[in-house]
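Just so it is clear, none of the values below were taken in a lab; they were calculated from the coordinates. The structure displayed is predicted, hence computed values, not measured ones. Positions of Cβ are backbone-derived with ideal geometry, glycine not excepted, and every protein chain shown enters the neighbour counts.
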Amino acid sequence: MISVHHACLNKALESPGNNARYYNVRGEAKFYLKDYDGALADFNKVIRYSYGDKSERAEAYFWRGMVEINMKQNDNGCLDFSKAGKMDFAKADELKELYCQ
């Protein structure tokens with residue numbers, strides 16, 4: 001099921017415009033498929049190119065942190081959780097407490 005959604009997201013990303021939501025959702029799908037490099041690429045696009053509003057960037061930092069934690073890059077993951085938390089993404093603070101002590 002995730003791979004079907006993944007294909008639809010790929011098609012949506014071909015259209016011009018602000019695609020932050022699609023990159024975040026596709027990045028989440030790649031995370032669950034354990035395609036960590038692909039997930040990082042999608043979240044980095046949202047962060048680097050300032051796609052979307054503050055909430056989209058906060059979500060990208062959160063999910064990038066999740067990827068990094070799963071890749072055993074805890075320092076980077078904790079830094080991204082901090083950035084997401086500063087942008088009022090509350091779930092990031094919860095996971096920071098869990099993984100970053």
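Annotations
- Residue 71 vs. criteria within 15 Å of residue 27 (Cβ to Cβ), surrounded by fewer than 23 Cβ atoms within 10 Å (Cβ to Cβ) and over 12 Å from the mean Cα position of the chain (by Cα): yes
- Region 42-53, subset among the aromatic types (Phe, Trp, Tyr) and in a loop (DSSP other than H, G, I, E, B), residue surrounded by the most Cβ atoms within 10 Å (Cβ to Cβ): 51
- Scanning region 54-97 for residues that are part of a helix (DSSP H, G or I) and of a type in the set (S, T, N, Q) turns up 55, 70, 74, 76, 82.
- Of the residues making up region 74-101, those that are of a type in the set (Asp, Glu) and either within 23 Å of residue 19 (Cα to Cα) or surrounded by 14 or more Cβ atoms within 10 Å (Cβ to Cβ) (or both) number 3.
- Qualifying position, being buried (at least 22 other Cβ atoms within 10 Å of the Cβ), of a type outside the set (S, T, N, Q) and touching a residue at least 40 places away in the same chain (Cβ under 8 Å), among 60, 39: 60
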